[in-house]
Amino acid sequence: MTPERIAELVARWVRFYTRKLPTPIARRRVDEIDADLHDQIAHERAHGTSDRRIALSILSRMVRGLAADASWRGEHSTPEKAMKSHKIVLAAAFILSLPLLAMLLTDSVAWGPGDFALAGALLVGIGLAFQVAARNAGNTAYRIAVGVALAAALLLVWVNLSLGIIGETGDPADLMYGGVLVVGIIGAVIARFQPQGMARALLATALATAVVAVIALIAGKHQAPISSVWEILGLNGIFVALFIASALLFRRAALKRPRVDVS
Amino acid sequence: MPRRKPGTLLPLETEILGLALSMLRSGHATFHGFGLAQSMREQTGSRSLTGHGTLYKALSRLEEFGLLSSRWEDAPTAEGRPRRRLYELTAHGADVAERALADTAEQATAPSRRPAPKLA
């Protein structure tokens, strides 16, 4: 994690939330943050701050400013779009307040700034992806299908990062779920987000999840003290069911699509 | 984030105006985003810098209120780095900052609930 890579991430975020705004307003914000990032890296390095600390500081500044970014965008865009983005950030902030509250009440929850940053980025990213998909969706079935698929993906990442699905927390076998998500993403790109192709992509994702469970059982992961056969099958079964439900919804969305008369 | 009452400033905006006034008095009429965030960190003794969104939104609001003005730094001055947006207190901004600082000082001597600084 270098400061330059995090600065690039911030720059991408700025380009994202300034999209479709009037060019002078967007250009000014992009250039101003660009100068700020450059100044911060140069200043901190000149004062002997480690690269890791600079990177974390930049990431923290981005995350702490997310709500203000969304609000600022709202002031410069149409009320409908602004409200949606604002709601996503508020929803993410509400969800993140739960572990924060838990930390105040119990010692068994101990999130660091990095955990909050990652979870915040995940929630906002998923929310914005849903917003874009929902805006372009032809019907309700498609919107629900996208919601179910994204929720399943978010849950998969979250459970993996916080507890792990196979074996104990941090078991390398959990990395196989990265492959599950890659199957879904590649499938969606090949399908160009068309409902019929998305149904196939989600079925492939469900199949990949089932394959991971089978590999885990063949590798004897059910012999680990905290993951029995039923736990592995149960947890993976939930994700398989969610991905199949999404696939069926996409299929339904495809059937509802009006046919184009080419004659 | 504190809710804004119409015609008043948020604490962060008051802090920015106060710093801008201090810088003006010490002969630095202009300031830029990161420099301001750094000064605020030093002044408050905080470990972290103000979030990007929070800082630039506040600057943008102060400019809309006519309390700050801004312009891009000249290209030769930038010497190869990205050009900075330079901010400056307007005459109205200096007045409001003076009043805000006076209010803050008064509040420090007589701790009671006082209204947020007004713009006009």
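One table, with the values for the structure above:
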read-out: Which listed residue is more than 25 Å from A:Ala254 (Cβ to Cβ) and either at pLDDT 90 or above or among the polar types (S, T, N, Q) (or both), from A:Thr169, A:Thr209; value: A:Thr169
read-out: Residue that is farthest from A:Val63 (Cα to Cα), among those in the stretch A:16-44 that are of a type in the set (Lys, Arg) and away from every other protein chain (no Cβ under 13 Å); value: A:Lys20
read-out: Any hit, the stretch A:188-197, residues being in a helix (DSSP H, G or I) and crowded, with 18+ Cβ neighbours inside 10 Å; value: yes
read-out: Failed condition for B:Thr50, given (1) under 13 Å from the mean Cα position of the chain (by Cα); (2) in a helix (DSSP H, G or I); (3) at pLDDT below 95; (4) buried (at least 18 other Cβ atoms within 10 Å of the Cβ); value: (2)
read-out: B:Leu86, sole failed condition from (1) out of contact with any His (no Cβ under 9 Å at 6 or more places or on another chain); (2) surrounded by fewer than 19 Cβ atoms within 10 Å (Cβ to Cβ); (3) modelled with pLDDT of 90 or more; value: (1)
read-out: Residue count for the stretch A:3-44, restricted to those that are of a type in the set (Lys, Arg) and over 24 Å from the mean Cα position of the chain (by Cα); value: 3
read-out: Test: B:Pro76 is free of Cβ contacts under 8 Å to residues at least 24 places away in the same chain and away from chain A (no Cβ under 12 Å); value: yes
read-out: Test for B:Arg114: is it at pLDDT 70 or above and assigned to a loop (DSSP other than H, G, I, E, B); value: no
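The values are calculated or read from the model by the stated rules, or taken from the named source; none is laboratory data. Small disclaimer: the values here were computed from a predicted structure and weren't measured. Neighbour counts run over all protein chains shown; Cβ positions are idealised from the backbone, glycine included.
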